[in-house]
Structure formats: structure tokens, C-alpha cells
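To start, the structure itself, in C-alpha cells.
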Amino acid sequence: MNRARTATVPVVLLRHAQSVWNLENRFTGWADVGLTEAGRAEARRAGALLRAHGYRFDRAFVSRLRRSTETLDIVLHGLGQEDLPVERSWRLNERHYGALEGLNKAAYAATHGARQLERVRRGLHERPPPLAPDEPRYVRHRDAYPDLDPSLLPATESLADTAARLWPYWEASIAPAVARGERVLVVSHGNTLRALVMRLENMSEHDVERFEIPTGVPLVFEFAPGGAARRYYLADAAGERQTLSIKQ
């Protein structure tokens with residue numbers, strides 16, 4: 001039965017749990033760092049919360065970065081769904097922070113000012129300085145993406161750039177699964193999920209700059225026939241739900 005015709009279809013967005021560089025307050029981007037022990041506990045709590053609310057999934061989508069895949073593995077173990085079909089895509093990777101990757105955010109603010117830190121972190125169009133082609137951290141020098149055309153791999157990205165490479169993947173892979181009535185889990189990154197919600201809700205630039213998604217807290221969209229949806233965090237103590245109009 002196609003659940004999309006008869007009931008709402010849940011899409012759960014989950015920002016990966018705390019990573020080593022989250023803890024160290026560093027720009028992470030495409031740097032492939034793992035979770036902290038606190039992050040693993042956070043992922044276990046997310047899995048337990050989903051299980052307590054009765055969530056089961058038909059398919060999962062995840063980035064190709066370790067902190068995201070590790071979070072997904074822990075959550076699926078908590079749900080007893082280790083055999084769930086999973087699609088991994090670089091288009092769900094975090095925003096690329098260019099030459100800022102690895103730098104401490106507080107140190108950056110001390111040099112460039114708190115306002116510039118906010119612009120580079122939260123602004124829609126601000127691009128950090130790109131990594132130079134001869135820089136060892138340059139993505140095209142890594143062996144993690146041998147299947148991709150090198151021209152697709154970024155040296156820096158704004159949030160708008162992230163949305164531009166993410167949205168076609170949503171339309172081609174995730175949205176069709178939702179239309180089939182499949183219950184979907186997407187495990188990705190803070191800026192990537194901000195970019196996705198921005199497009200789903202047609203957020204203004206002002207609103208998206210102030211929108212934040214915490215690590216390890218399931219964010220639920222319930223899609224109804226015709227495109228209407230409501231959004232809420234499972235962790236909300238008051239269980240608040242907000243009705244939204246989703247642009248398909």
C-alpha cells in the first residue's frame with residue numbers, strides 16, 4: 001500500500017552527534033573526523049528516542065563523512081534495523097569551509113572579529129577562502145571520492161552553494177521515496193540540513209541565518225498528500241508541532 005495516499009509520511013532529519021572537532025570548536029566541513037564518546041552516547045539517545053516513539057524506517061540516506069555514518073550505525077543498532085537499505089551520497093556532506101577547515105572558531109573571531117565569524121558561519125552567500133589546489137587538504141587529492149568527477153568536488157562553499165548541490169539529490173532520490181510512502185531517515189550535517197529545510201520551507205535569508213539544528217536531536221517532517229507538512233523536534237518537552245506549507 002502506498003502510505004503517501006492515505007496518511008502522513010515521516011521524514012526524520014538527524015544532524016550527526018558531537019564530533020571531535022565540534023568539541024574542539026573547529027571548522028570541520030569535509031574533514032573526516034569521528035565522534036567523541038559523548039557523541040556516541042548522544043547517538044544512542046537519539047536511537048532510543050526514535051524507538052520509544054515507535055519509529056521504523058524503510059530507507060536511510062547519509063553523507064559520506066565518518067561522523068555521519070557512525071551516527072547512523074548507532075541509531076540503526078538502537079532501532080534493531082541494522083539491515084535497513086542505506087544510500088550514501090557526497091551531496092549530503094557538510095558545507096565545505098575551504099581554507100578555514102581545521103581552524104579554531106574562537107581564534108578566528110579573535111583575529112577577524114565576532115561579526116565576521118557570524119557572517120562566514122551563518123550567512124547565505126559568504127564563501128570562506130578556498131583551499132589552494134596544491135594544499136594537501138584539497139579534496140581532489142584525497143582517495144575518498146575516486147568515483148566522482150573531480151570538477152564536482154568543492155574547494156569552498158557558501159550555504160547557497162550547499163543548497164544548490166543538495167537540492168537535486170533531494171528531488172531525484174529522497175523525494176521519490178517519500179512519494180512512494182517510504183519512511184525515511186536522513187543523517188547529515190548542520191549546514192546541509194539547514195540548507196534542506198531552507199528549501200523545503202522557502203525560508204527567507206534572514207530566517208535561515210538564525211536557524212540552527214542541534215546535534216543528535218531528531219527533527220521530524222510529516223508530509224501529507226498535496227505537500228503540506230508539519231515539523232517538530234522529538235525532544236521538545238511540550239511536543240510543539242508547527243504546520244507548514246511545503247513547496248514540492
Inset, instruction - Return yes when R26 is touching a residue at least 60 places away in the same chain (Cβ under 8 Å), touching an Asp or Glu at 6+ places or on another chain (Cβ under 9 Å), under 30 Å from L153 (Cα atoms) and among the basic types (K, R) and no when it is not. - result: yes
Inset, instruction - Check L200, L219, L148, L196 and return the single one that is closer than 21 Å to H96 by Cβ, surrounded by 18 or more Cβ atoms within 10 Å (Cβ to Cβ) and not charged (D, E, K, R). - result: L196
Legend entry - Filtered residue count, region 198-230, keeping only those that are of a type in the set (K, R) and within 22 Å of N22 (Cβ to Cβ): 1
Legend entry - Selection count, region 76-87, where residues are surrounded by 16 or more Cβ atoms within 10 Å (Cβ to Cβ) and either of a type outside the set (A, V, I, L, M) or without any contact (Cβ under 8 Å) to a residue 24 or more places away in the chain (or both): 2
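Would you confirm, using the coordinates I've provided, whether H96 is closer than 20 Å to L196 by Cβ and either surrounded by fewer than 23 Cβ atoms within 10 Å (Cβ to Cβ) or not charged (D, E, K, R) (or both)?
On the way: closer than 20 Å to L196 by Cβ: yes; either surrounded by fewer than 23 Cβ atoms within 10 Å (Cβ to Cβ) or not charged (D, E, K, R) (or both): yes.
Answer is yes for this residue.
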Legend entry - Unmet requirement for T111, which otherwise passes all of (1) of a type in the set (S, T, Y); (2) farther than 19 Å from R137 by Cβ; (3) touching a Ser or Thr at 6+ places or on another chain (Cβ under 9 Å): (3)
Legend entry - Positions within region 1-27 being modelled with pLDDT of 95 or more, among the β-branched types (V, I, T) and crowded, with 19+ Cβ neighbours inside 10 Å, in sequence order: V11, V12
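The values are calculated or read from the model by the stated rules, or taken from the named source; none is laboratory data. All values derive from a computational prediction rather than experimental measurement. Cβ coordinates were reconstructed from backbone atoms using ideal geometry, including for glycine residues, and neighbour counts include every protein chain displayed.
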